[in-house]
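*Asks:* Before I ask anything, here is the structure I am working with.
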Amino acid sequence: MNDEVAYEVVDGCIAVVTLNRPTQRNAINRGVIDGLRKAWHTLEQDDSVRVGILTGSGDKAFCAGMDLKEAAAMGLRVPPRGMLPVLGDVEHVSKPMIAAVNGVAYAGGWLFAQMCDLCIAADHALFGITEAKVGRGMPWAAPLAHMLPQRVMMELLLTGQPMPAQRALALGFVNDVVPLAQLRERALEMARTIAANAPLTVKAARELVYLSSEMGRSAALRAAQHLFESVYLSDDAQEGPRAFAEKRAPRWTGK
């Protein structure tokens, strides 16, 4: 994408996006913002890509948040909506995204982990919403009310203190914790498992999770029935049982 965001395709179906400012702890600057925006567009438009992974370079930081030196030089006050290429807000990617957190994920780094659908963390990773320590804001943290208990969320926002990966795992914010040397392969393993599944079902299931968090029970059930109707009527819905009966791997067409 550029010098500060790398993009590669693994196995022909998994896009790995890497924040590449290790000496600056992969802090968010204009280059990272532009590079991520290009990466999301490339990933979404490539029909061969089924799953994405977001990670950072080096062994210290996934992303330490906004580059405060750049922010100070800009005199940044209220960040304009759309300033950051946040998935599910200003950027749209319909494919599952996995955060592979290779070190500290502070402030905007927490946001980048939060916006992904799944999260694998290295065992030394730390997660923190540190804005209170530098007088900034975290309006983007609102969705955490559906992801963490209220008092945990309150603790994180008011103290600014980080929590270790193992606590994030126990709270359900992280899906798995592994040694750093195993992080990339564990994320790829999860991505391969998802990529091997029926793409229409995966897409609808992902949408189901998010719409359920915004609706009451009855409304979510009605919306889900509509969401999966096209899945039931697809060729893949016939191919799956047929492949099982014939004892072979299914050949998904996404149709």
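FYI, it's all coordinate maths here, none of it is from the lab. Note that the structure is predicted; figures quoted are calculated from it, not measured.
*Asks:* Using only DSSP helix segments of four residues or longer, with each worth -39500 (n - 2.57), what per-residue ellipticity at 222 nm results for the chain after dividing by its residue count and rounding to 500?
*Replies:* Dividing the helical sum by the residues of the chain leaves -12500 deg cm²/dmol.
*Asks:* Over the residues of segment 5-195, compute the C-alpha Rg and express it relative to 2.2 N^0.38 Å.
*Replies:* 0.96
*Asks:* Percent of Cα-Cα pairs per 5 Å bin, from 0 to the last occupied bin, for segment 199-245, please list those.
*Replies:* 5, 22, 26, 18, 14, 9, 5, 1
*Asks:* With the cut-off at 23 Å, tell me which of the pairs LYS60/LYS133; LYS95/LYS247; LYS95/LYS133; LYS38/LYS60 have Cα atoms farther apart than that.
*Replies:* From the list (LYS60/LYS133; LYS95/LYS247; LYS95/LYS133; LYS38/LYS60), the Cα-Cα distance tops 23 Å for LYS95/LYS247; LYS95/LYS133; LYS38/LYS60.
*Asks:* Among VAL17, VAL152, VAL51, whose mean-square fluctuation peaks in a Gaussian network model of the chain (Cα, cutoff 10 Å)?
*Replies:* Maximum among the listed residues: VAL152.
*Asks:* How long is the gain from GLN24 to ASP176 if the chain were fully straight, where each residue apart is worth 0.36 nm and the alpha carbon distance is subtracted?
*Replies:* Roughly 52.1 nm would be gained on extension.
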